[in-house]
């Protein structure tokens with residue numbers, strides 16, 4: 001395979017030289033040559049011929065002209081006015097580091113550091129938040145960024161830990177997209193946090209009553225794979241009649257990354273449920289709280305996500321006096337959002353494979369069939385695989401007259 005690539009690369013270089021001589025412009029873009037150099041620099045020295053080395057040097061020298069240097073009039077290949085993109089800069093930094101151009105690699109790393117964003121989820125660069133920039137692309141860019149920082153002569157442990165923390169945080173909310181993306185992510189994590197698989201932690205969780213009595217106690221298991229596990233404990237029934245006093249979490253070792261969540265489950269009348277939010281927000285609206293039998297009422301659900309989510313469910317209960325106008329389940333795409341709608345007897349579920357950052361509105365119409373006073377229950381929006389990210393929309397009461 002590499003012999004074929006060496007041959008194609010040589011043809012590209014020869015055509016590029018001819019094009020440069022005749023038209024005074026380069027024929028090929030940086031991304032294509034970067035990918036080739038990335039693979040070629042992984043090859044053992046014995047695989048490289050004198051011709052392939054000359055081709056690599058030619059590509060390298062022209063790629064150097066794309067660097068964000070002090071000269072402001074430099075153009076990238078193919079006569080494009082733009083500079084290297086951030087993913088290209090990360091890949092170029094790895095290539096230059098392997099090819100002995102440490103100074104040029106450091107120039108790129110300096111620029112990449114300026115683009116890093118440090119927030120609660122970790123270190124990352126800003127990615128577009130919309131329905132067309134998928135999580136697979138984000139993971140590919142981020143893992144290349146991690147490889148660039150790990151390729152430095154003396155990697156910054158704080159930076160690599162922050163990058164690993166962001167990558168792990170995305171797995172809580174998003175699919176890694178493809179098998180290739182999953183392999184890239186796992187490889188990057190193993191390179192950035194190898195100790196995560198070897199720590200033998202004795203982390204503990206303790207739940208205490210208001211009087212200080214221990215209601216539950218759990219300690220993480222011991223083993224080579226403890227870094228990939230979790231510890232949990234559940235308490236209910238008579239133990240919680242007087243409430244809980246304190247939740248204590250003890251970490252006995254400096255784990256690179258960890259998360260925890262506490263759930264409190266209790267029952268309330270539907271019309272007493274108040275709005276709450278954690279990452280996601282949901283607001284329920286009804287166009288007429290005093291309808292008459294036979295009227296059509298419009299229910300509106302306003303969803304707001306603070307980041308890109310995947311695999312999210314909206315459960316919207318219906319008042320006992322309402323029947324949906326559209327009773328068929330199926331896939332729908334409305335107002336820039338696609339989802340699968342499941343119509344059930346007392347509620348409707350909406351399943352979102354992707355819920356990009358932003359605000360969205362879903363509407364449903366129902367017939368009013370019976371008079372009386374009915375509770376229009378709260379609506380719940382939550383991550384299917386990360387239920388700690390959830391939101392409740394307050395319920396209301398419908399006064400239906402004949």
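Here, each number is a calculation from the coordinates, and none is a lab measurement. This is a predicted model, so every value here is computed, not measured. So basically every Cβ, Gly included, is an ideal-geometry build from the backbone, and we count neighbours across all protein chains shown.
At a glance:
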{"quantity": "Extension gain from residue 219 to residue 265, taking 0.36 nm per residue of separation minus the Cα-Cα distance", "calculated": "14.3 nm"}
{"quantity": "Listed peptides 294-304, 38-48, 333-343, 159-169 by packing density, highest first (mean Cβ within 10 Å)", "calculated": "159-169, 294-304, 333-343, 38-48"}
{"quantity": "Residue order, fewest to most beta carbons within 10 Å, for 233, 94", "calculated": "233, 94"}
{"quantity": "Förster radius 41 Å - calculated FRET efficiency between residue 191 and residue 361, Cβ distance, rounded to 0.05", "calculated": "0.40"}
{"quantity": "Relative exposure of 187, 309, 36, judged by other C-beta atoms within 10 Å (fewest first)", "calculated": "187, 36, 309"}
{"quantity": "Ranked 205, 186, criterion: other C-beta atoms within 10 Å, fewest first", "calculated": "186, 205"}
{"quantity": "Inter-probe distance in nm under a simple model that places probes 7 Å from Cα toward Cβ, at residue 344 and residue 54", "calculated": "7.2"}
{"quantity": "Three-way shape call for the range 270-400 based on the alpha-carbon gyration tensor, with the a/c threshold at 1.5", "calculated": "prolate"}
{"quantity": "At R0 = 30 Å, FRET efficiency that the Cβ-Cβ distance of residue 302 and residue 171 yields, to 0.05", "calculated": "0.60"}
{"quantity": "Distance between modelled label sites at residue 65 and residue 272, nm, 7 Å Cα→Cβ extension", "calculated": "7.5"}
